[in-house]
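So the structure is just underneath, and the comments pick up after that.
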Amino acid sequence: MLNVFGSASMAELFGDFIVYRRLEPSDPRLPGLEQLWRELGWPAYRIPRKAEPEYAWVVERILEAARRLDAPQARLKRLMFLGDTYMNDGNAFANLCAAGGWEGLAFIGADKLAEAPQSRVEGHVFLSNRWAGLAEFLEYARRQGFAFDEHLAVVIDMDKTLVGARGRNDKIIDLVRVQAVKDTVASALGEQFDHGAFQHAYDTLNQQVYHPFTQDNQDLLAYLCLIIGAGLYTLEEVLAEYQSGRISSFDAFIHLVDGRRDELRAAGLLDLHQEVLVAWDAGDPTPFKAFRYREYELTAARYDPSPADGIPVEKLLQERILITEEVRQTALYLRRQGALIFGLSDKPDEASIPRPALAAQGWKVLHHCPTLCVGESLGI
């Protein structure tokens, strides 16, 4: 039985100890990627993705610096990772343990209510089909002699773990992202926008079989939908060119589109195309800024701390982005034991942090947005 446990923000757990996709901590006292890439001996600046070893090298340095700030005499020896995906979060966890030379345990959770509650352990990863399985996970960690103290770093994945819990509240995150793509494409195309054609193109290209082309990157998917919507290519032409190998990558595609500048100009899309192309060629993994800015606005609007009196929990789960109470209780408990609590998000900064004009109006970075906390009591 899920209950509402009042309201809070993610910052209650870790303050500004969090990084978004660019790996620049929200706390200005901590080093970020722009400072660390040279120290790590990289030949050039680039933003690694979450499952890459290079990502872990950066985060390990940031965690060590965060620990020195609030416990100067302590040295990190152990890592606990709380996430929702076995492959992506599991790889990030393993890479972090290797980077720090740390002993580690990870919890990978999701609510799968069609199944009987169950948990299993695979190596150093504890998997549960209930978020309430965190209570069992903590007991398992104790039995393993895994100490909860100032030598422990607890890294918490943000989207679909700390907020928008997978299997419980994650659909709203996906809904908001798709709406942001749709709004951005519709705004750019104006009267030319065809909702049915957009949805068909989006749903088709968002499939895993096309991830080698789209790189599972919503910015690239949004751009593809824009170009298809403008009529420069049909969806069928894009798929045929990709499947035949004539367009082997998104990079090849966007540069082919760049050769059709007269058509882009006629469609009123040349400036927007140029912005995306310049960012893409510069190695920016978030090249479609207009889409991500819209995603931020729609996402922040779904963080709603207003009282839930008389509103069924199921309705809250469908309409608001909520803090996962079981994860919150776990983090607060471990913090009381002296552990470092740190947030990790692969969400782009542009979709997480308000632009200056919005910040001036009172809009907040996502981890400072209050919302309701929903889940079960762990009794800790």
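The values are calculated or read from the model by the stated rules, or taken from the named source; none is laboratory data. The structure presented is a predicted model; accordingly, all values stated were derived computationally and were not measured. Because the Cβ atoms are built from the backbone with ideal geometry, glycine has one as well, and the counts that use them run over all protein chains shown.
Can you confirm whether the stretch 39-60 contains a residue that is touching a residue at least 24 places away in the same chain (Cβ under 8 Å), in contact with a Pro (Cβ under 9 Å, 6 or more places away or on another chain) and either more than 21 Å from Glu350 (Cβ to Cβ) or assigned to a strand (DSSP E or B) (or both)?
Yes, the stretch 39-60 has at least one match.
If you take the residues of the stretch 127-161 that are assigned to a strand (DSSP E or B) and within 21 Å of the chain's Cα centre (by Cα), which of them is nearest to Ser352 (Cα to Cα)?
Only one residue tops the list, namely Asp159.
Consider Leu162 carefully, then state whether it is in the same structural domain as Asn91 (by TED's automatic domain parsing), touching a residue at least 12 places away in the same chain (Cβ under 8 Å) and crowded, with 23+ Cβ neighbours inside 10 Å.
In short, yes.
Looking at (1) surrounded by fewer than 20 Cβ atoms within 10 Å (Cβ to Cβ); (2) part of a helix (DSSP H, G or I); (3) in the same structural domain as Thr234 (by TED's automatic domain parsing), which one does Trp280 not meet, given that it meets all the others?
Condition not satisfied by Trp280: (1).
Being within 25 Å of Arg21 (Cβ to Cβ), assigned to a helix (DSSP H, G or I) and touching a helix residue (DSSP H, G or I) at 6+ places or on another chain (Cβ under 6 Å) is true for just one of Tyr223, Tyr210, Tyr242. Which residue is that?
Tyr223
Has the stretch 78-87 got at least one residue that is more than 21 Å from the chain's Cα centre (by Cα) and outside any loop (DSSP other than H, G, I, E, B)?
Yes.
Let's see how each residue does on (1) more than 30 Å from Leu40 (Cα to Cα); (2) free of Cβ contacts under 8 Å to residues at least 12 places away in the same chain; (3) of a type in the set (Gly, Ala, Ser); (4) surrounded by fewer than 21 Cβ atoms within 10 Å (Cβ to Cβ):
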site: Gly90; (1), (2), (3), (4): no, no, yes, yes
site: Leu96; (1), (2), (3), (4): no, no, no, no
site: Trp102; (1), (2), (3), (4): no, no, no, yes
site: Leu105; (1), (2), (3), (4): no, no, no, no
site: Val121; (1), (2), (3), (4): yes, no, no, yes
site: Phe126; (1), (2), (3), (4): yes, no, no, no
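Could you grab me the full set of residues in the stretch 305-346 that are out of contact with any Leu (no Cβ under 7 Å at 6 or more places or on another chain), surrounded by fewer than 20 Cβ atoms within 10 Å (Cβ to Cβ) and in a loop (DSSP other than H, G, I, E, B)?
Scanning the stretch 305-346 gives Ser306, Pro307, Asp309, Gly310, Ile311, Pro312, Gln337, Gly338, Asp346.
How many of the residues making up the stretch 45-67 are more than 21 Å from the chain's Cα centre (by Cα) and either surrounded by fewer than 15 Cβ atoms within 10 Å (Cβ to Cβ) or closer than 22 Å to Pro285 by Cα (or both)?
Number of matching residues: 1.
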